[in-house]
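Inspection log for the structure reproduced underneath, given as structure tokens.
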Amino acid sequence: MAKTSKKTSTSAPRINIGISDKDRAAVAGELSKLLADSYTLYLMTHNFHWNVTGPMFNTLHLMFMTQYTEEWNALDSIAERIRALGHYAPGTYREYAKLSSISEPESVPEALEMVRLLVSANESVAKTARSAFEKADAANDQPTADLLTQRLDVHEKNAWMLRSLLQ
């Protein structure tokens, strides 16, 4: 019996999911901004959870924990979608600082200022997600559009709940 030699390739097959390379790159770029905003919001919310004080301590401490936990779990979905589109997800503070639209406070603010900052940060994430949705929709990328719709719902609701504490 003669041995047959099979030539094997060590490279992965080209991505062929019905979205052009150009569109996948554009969507991944927008998702990278969303990941940076989301990570920045996660870190800000966790920081405020640790450092909140005052009469609303328990309410805010628990609310912030609920929100940063949800945000932490969402980071993986965003990064994995970037990878599914064939691009590397940003994963350093340096990259996040360049990509994020959220300004972090330089010190620990008072409790109600924390709430104001988180309203603004959640709205920023929603705007970033909405911008990414436009790219995903134009590329006929339903999985990304679905992910972005879910993120919009979460951040608009969080902004509303936080804003309600200021009225």
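The values are calculated or read from the model by the stated rules, or taken from the named source; none is laboratory data. Please read all numbers here as calculations on a predicted model, not as lab measurements. Cβ sites come from the backbone with ideal geometry, for glycine too, and all protein chains shown count toward neighbours.
Laid out as a table, the results:
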item: Checklist (1) of a type outside the set (Gly, Ala, Ser); (2) crowded, with 21+ Cβ neighbours inside 10 Å; (3) closer than 21 Å to residue 122 by Cβ applied to residue 27, failing item; result: (3)
item: Residue match in the range 131-141 (condition: of a type outside the set (D, E, K, R), under 30 Å from residue 55 (Cα atoms), surrounded by 14 or more Cβ atoms within 10 Å (Cβ to Cβ) and modelled with pLDDT of 95 or more); result: no
item: Exclusive hit being surrounded by fewer than 16 Cβ atoms within 10 Å (Cβ to Cβ), among the hydrophobic types (A, V, I, L, M, F, W, C) and in contact with a helix residue (DSSP H, G or I) (Cβ under 8 Å, 6 or more places away or on another chain), set 119, 108; result: 108
item: Meets criteria (surrounded by 22 or more Cβ atoms within 10 Å (Cβ to Cβ) and within 19 Å of residue 122 (Cα to Cα)) for residue 43; result: no
item: Residue that is out of contact with any Gly (no Cβ under 9 Å at 6 or more places or on another chain), within 17 Å of residue 123 (Cα to Cα) and not hydrophobic (A, V, I, L, M, F, W, C), where the choices are 33, 22; result: 33
item: Residue in the range 119-167 that is nearest to residue 25 (Cα to Cα), counting only those that are outside any helix (DSSP H, G or I) and touching a residue at least 60 places away in the same chain (Cβ under 8 Å); result: 139
item: Some residue of the range 60-68 being within 17 Å of residue 162 (Cβ to Cβ) and of a type in the set (Phe, Trp, Tyr); result: yes
item: Count of residues meeting criterion [under 15 Å from residue 33 (Cβ atoms) and surrounded by 12 or more Cβ atoms within 10 Å (Cβ to Cβ)] in the range 71-90; result: 10
item: Close pairs from the range 73-95: first at positive phi, partner surrounded by 17 or more Cβ atoms within 10 Å (Cβ to Cβ), Cβ under 7 Å, at least 6 apart; result: 86/24
